[in-house]
1. Please state the charge dipole magnitude for the protein assembly as shown, taken about the Cα centre, from unit charges on C-beta atoms (+1 on K and R, -1 on D and E), reported in debye and rounded to the nearest 20.
2. Roughly how many whole Å is it from the C-alpha centroid of the stretch B:7-57 to that of the stretch B:198-264?
3. Can you tell me the alpha carbon radius of gyration of the protein assembly as shown divided by the globular rule-of-thumb value 2.2 N^0.38 Å?
4. Straight-line reach from residue A:233: which lysines have Cα under 29 Å away, leaving out those fewer than 8 places along the same chain?
5. Which one, A:250, A:236, A:13, is farthest towards the positive end of the dipole of chain A when Lys and Arg carry +1 and Asp and Glu -1 on their Cβ?
6. With contacts defined as alpha carbon pairs under 8 Å and 6 or more residues apart, what's the relative contact order of the stretch B:239-360 in percent?
7. Pick from A:43, A:93, A:18: which residue has the top mean-square fluctuation in a GNM of chain A where Cα pairs under 10 Å get a spring?
8. With an 8 Å Cα cut-off and a minimum separation of 6 or more residues, compute the relative contact order for chain B in percent.
Amino acid sequence: MSGRHGIPKSRWLPAYVTVYLAFLYLPILLLPIFSFNNAATTTFPLAGFTTKWYASLWHNTALLEAARNSMIVGISVAILSTVLGICAARAITRYRFRGQRAATGLIMAPLFLPEIIFAVSLLMIILQLGVELSLVTVILGQVIFCLPYAMSVLISGFGGFDRSLEEASLDLGETAIGTFRRVTLPVVAPALVSSLLVSFTVSLDEFILAFFLSGTEPTLPVYIWGQLRFAAKLPGVLALGSVMILISILLLTLSEIIRRRAEHRLRAQGALNA
Amino acid sequence: MPETPMITIEAVNKFYGIYKALDDVSLDIAAGEFFSLLGPSGCGKTTLLRSIAGFDTPSTGDIRIDGQSVIGTPPNRRPTNMVFQSYAIFPHLDVEENVAYGLKRLKLDASEERRRVGAALDQVRLGHLGKRRAHELSGGQRQRVALARALVMRPKVLLLDEPLSALDKKLREEMQVELRSLQKAVGITFILVTHDQYEALALSDRIAVMFGGRIAQVATPKEIYQRPTTRQVADFLGGMNFMKARITGETATRLSVETPRFGGVTLDKPLGFSARNGTATIGIRPERLRVLWDDARSDFEVAGRVVDRHYFGEITHLIVDIPGMEQPLSVSETNNFGADDIPVGDAVRLAYDPDALVALSD
């Protein structure tokens, strides 16, 4: 805290922050801007406002097919990652065991490994096994990749869970099943929802694994990649991209709101336990 | 004990691997009694409490509540309720819903449930906070919710696991008074686990002091403080001056000793006493030694020199070196008469009552 008063305020600081944020977000802003532009090329000046690129999305069966694939993959990955994450996060937050840190580190590692190496290795194994590439292989690959995200959300959710809450419920006459329904589930529910949303979002945007493992059933990012070869398709891709960004931001914001509210509640509850 | 005890602990052992958490514990607790389990951390007091609640199962031995063995009965079917150290207030429910949590299982009609919840909250003076959530409550208020939530179930026995340890000193003292009067009002058997000897002394009808999984002594607060039977108990319950004394005579119940400076005395022999090289450990509490001012005289006095002085506001501790004694005596004197002004190095004479001397097992 003391340093905050020690650093003199610079006139350049606001300018620096502006440039910084522009660098981060201006490119993404271009996407929605050109998606409403009444021209097939992405050049200024803008040629007028149109929503026709968005309208065209609805008539593109290949795109709708890809969107359907993405939904199947996203929902499956979200559920699988969350279920696996629950088991691991519960073990890590509740018990002390040998190799606990190593296990945590290994589960989190895919977050930091080069994804393309990961994808190539998976592809090699799958081909060796003679398994057909399909949405199932995409799902399996993405689960490994989404698990760290699910885990970090769940660990922070379960970390504040006071075990004596369950004991208190039993003590007050409730059965084990009743305790799970009336205490455990409602208390960890925000973390579960948050984990589902984060995993889904990560899966929705994921390209490399989907590209390597999807075979003939592209997900949305893979479909977009394919469309980029045709200049005429570009505005449609921009519209689709804008929709995906919007969905991702909404889902992530929602999950963060849920996670923070739950954490605040648990922290306040656990403050005295420390 | 005239009637059937509310709780009987019979030869209970609890092993965790080779570690013995409870070592042959036997205990009777009467109905309506405020009973404390006192000891340092790891002494087994919490394990014993959790065994009564049903969260731990004794390896051997029996626990009976109101005459019924509860071994094998899960916590949700025991006539006990517990106030947890962390209070364990359900964070997703408000105060009223927390208190009503256990009642929901009883399927009371709505008005009866509301009445009991309201009565329980009034009992702990929280009637006005029914709609608050746990994170909107102070530590003391959470403690009250936990009490109300347990008491509303009308248990035969209320178990309290270090309920005051998370509170600051002033609030803790207020809650002690409140807890005591609450217990008098509801008349339920309370079993309190604590490591705070003052809390145990202030609240309890009887105290069991535990060390290393064993019960060292069970007695009333006054007896356990004034007549500890072992050196460990004496030490845990407050300051005590120890000295070695030569045994001059011994019967089944009495012990005659020659002390270094406190003369020859005959004392009650503590349970499990065995002499070491013909000597016994004798103790006297620091506040049972009094400074003799000016030319005041006492039939029983020792003389020495002040070597150190510690000021504690209402009292002063004088450390007095007595020629011929191995250890200097610690004297706790109130500051009414100026004990806080006695200079280090001054000679003092100390009066004592021979009845304050107590023989201890090592």
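Rule-based calculations on the coordinates, nothing more; no lab input. No experiment lies behind these values; they were computed from the predicted model shown. Backbone-built Cβ (ideal geometry, glycine too); neighbour counts: all protein chains shown.
1. On the way: 65 positive and 60 negative charges, 390 e Å.
For the protein assembly as shown, the charge dipole is close to 1880 debye.
2. 22
3. My calculation over the Cα atoms of the protein assembly as shown gives 1.40.
4. Straight-line reach from residue A:233, under 29 Å: A:52.
5. Positive-end residue among those listed: A:13.
6. Details: 260 pairs, mean separation 36.9, N = 122.
Relative contact order of the stretch B:239-360: 30 percent.
7. A:18
8. Values: 736 pairs, mean separation 55.9, N = 362.
Rounded, it is 15 percent for chain B.
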